[in-house]
Amino acid sequence: MRKRSPLKNKRLLVGVTGSVAAYKAVELVRRLKDEEADVRVAMTSASLNFITPLSLELASGAKPLTGLWEEPLAHVNLAAWAEFFIVAPATANTLGKLANGIADDLLSAFFLAWHGRTLIAPAMNPGMYTHDAFRKNLEFLRSIGVTEIAPETGALACGAEGVGRMAGIESIIEGARSAFIPRDLEGQSILVTAGPTREPLDPVRFISNRSSGKMGFALARAAASRGAAVTLVTGPTALTPPSGIEKLIRVETAKEMMESVLKEAPSSRILVMAAAPADFTPESSSSEKIAKSGRYDLKLKATHDILLEVSRMKRRPFTVGFAAETGPLFERAQEKLRKKDLDMIIFNDVTKAGAGFDCDTNQVSIFGRDAHREDVPVMGKEELAHLLLDRIMVLLPGTNLKANK
């Protein structure tokens, strides 16, 4: 599998501060190393109450710095070395120092010597996160270009319930990746669909399919990271919504998905229909649970064809469809391309290794209106998402982008 990460060989400094969430920094650093980044760690004295330097040394492969006087001019040398600065977890105390130019420890001194891109992942009690004094500091940091990966809402270690739990590791990694991805899709509005739909038999049962939504979520995440205004319409999935998207619309049934797509499509430049809406739905649905018996006859009817409905619109977006088949049935994809007046279709054989449902990889063939077939090898869905966006922008009328080979 080919893997592409914008963090490969990038020099990242991770600052760890005195929050209970400091233990999560080990996983963050490990994941950054998996992205082939060069990672160094700087710790505040308060963070040593929650995690040992040895844990972070094993994760990063380098001894963390824990004090301003540990190495001569460490803050200046780190500022010359680093390409990106991440503070995770970021406490109210440390962020207050950064916002007010205080330089009494390694992290705050580094920040004053540093004039590059910074990402913060706050972690604190809800009362602290919502306090006027902290909000003033946070707004100032944002105003000078610091990117916040906002905390989550939930139960905190202090026993409180509310906003303040450090964002998930994947969201922080995503924020770091975005800093190194060209924002070449700014000004483009992209509508992406993802996941399966559920067609109810009764209040507790439904028919569905094996789509996980991973490809659609990867496309939405990639488009947002490149500056596009993304609307994501998703069926039921277990995935965390990508950060940076403008609108998230959750639906259950194929009918609800169609209604959402038809509503959003007129204001979108591009539609990527990566979802797998059900082809059939029960002719009738019971309002009460159907009792189990020896036999139950299920009658189905076809759902509305969303792409066909889009093709009938007077003002429709550049439209990309997907065709999942069991076998090399390329002619079906080409027929779908013509019948539904698509601008591009992505074919994949779900019986192939690394290309089935719920995989983190995919292997596809791309068809445009000229019927030319481009076979793409197995690769991660994140990398494939960027490749598909590259191909879309080549074919999109009014753009001058060249395909990335």
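Any read-out appearing in this document is the output of simple, stated calculations on the displayed coordinates, not a laboratory observation. Just so you know, these numbers come straight off a predicted model, no measurement behind them. Using ideal geometry, Cβ is built from the backbone for each residue, glycine included, and neighbour counts are taken over all protein chains shown.
Some values worked out for this structure:
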quantity: Taking the stretch 285-357 and dividing mean pair separation by its residue count, relative contact order in percent (alpha carbons under 8 Å, at least six apart); calculated: 28 percent
quantity: Peptide ranges 256-264, 313-321, 115-123 listed from the most packed, as the mean C-beta count within 10 angstrom indicates; calculated: 115-123, 256-264, 313-321
quantity: Modelled label reach - R373, point 7 Å along Cα→Cβ, the stretch 308-336 residues with backbone N closer than 13 Å; calculated: 327-335
quantity: Selection from I245, T361, L389, by position along the positive dipole direction of the stretch 189-395 (Cβ); calculated: I245
quantity: Full-stretch length increase - S267, L73 - with 0.36 nm per residue and alpha-carbon distance subtracted; calculated: 64.5 nm
quantity: Rounded to the nearest 20 debye, dipole of the chain from Cβ charges on Lys, Arg, Asp, Glu; calculated: 780 debye
quantity: Binned Cα-Cα distance frequencies in the stretch 7-70 - 10 Å width, integer %; calculated: 25, 56, 18, 0
quantity: The chain: angle of helix 169-179 to the longest principal axis, Cα-based, in degrees nearest 10; calculated: 90 degrees
quantity: Whichever lysines have a C-alpha closer than 17 Å to that of K136, once near sequence neighbours (fewer than 8 apart) are set aside; calculated: K97
quantity: Within-13-Å neighbourhood charge of S55 [Cβ basis; K, R +1; D, E -1]; calculated: +1
quantity: The stretch 144-236: GluC sites (Glu not before Pro) falling in loop per DSSP and having at most 11 other Cβ within 10 Å; calculated: E186
quantity: Nearest 10 degrees, 0 to 90: helix 24-34 Cα axis against the chain principal axis; calculated: 70 degrees
quantity: Label corresponding to Rg and Dmax of the Cα atoms in Å when calculated from the structure given, among (i) 30.6, 103; (ii) 24.3, 80; (iii) 25.2, 85; calculated: (ii)
quantity: Enclosed volume per residue, in Å³, of the convex hull spanned by Cα atoms of the stretch 189-395; calculated: 131 Å³
quantity: Farthest positive-ward along the chain dipole, Cα basis, beta-carbon charges - from M128, S189, L308; calculated: L308
quantity: Ranked V251, V76, criterion: other C-beta atoms within 10 Å, fewest first; calculated: V76, V251
quantity: Residues of type lysines that K214 reaches as a straight line, Cα spacing below 18 Å, ignoring anything fewer than 8 places off in the same chain; calculated: K3, K247, K352, K381
quantity: The stretch 1-148: C-alpha pair distances exceeding 29 Å, %; calculated: 12 percent
quantity: Leading residue at positive end of dipole, the chain (Cβ point charges), from V230, A25, A80; calculated: V230
quantity: Cβ crowding within 10 Å averaged over residues, with 236-243, 89-96, 269-276 ranked highest first; calculated: 269-276, 89-96, 236-243
quantity: Contact order normalised by residue count of the stretch 125-198, Cα under 8 Å, 6+ apart, percent; calculated: 25 percent
quantity: Cβ-defined net charge surrounding A21, 11 Å radius [Lys, Arg +1; Asp, Glu -1]; calculated: 0
quantity: For R312, net neighbour charge (Lys/Arg +1, Asp/Glu -1) across residues whose Cβ lies under 13 Å away; calculated: +2
quantity: Which of Y129, Y23 has the fewest Cβ neighbours within 10 Å, and the rest in rising order; calculated: Y23, Y129
quantity: Burial ordering of C359, C158, fewest other beta-carbon atoms within 10 Å first; calculated: C158, C359
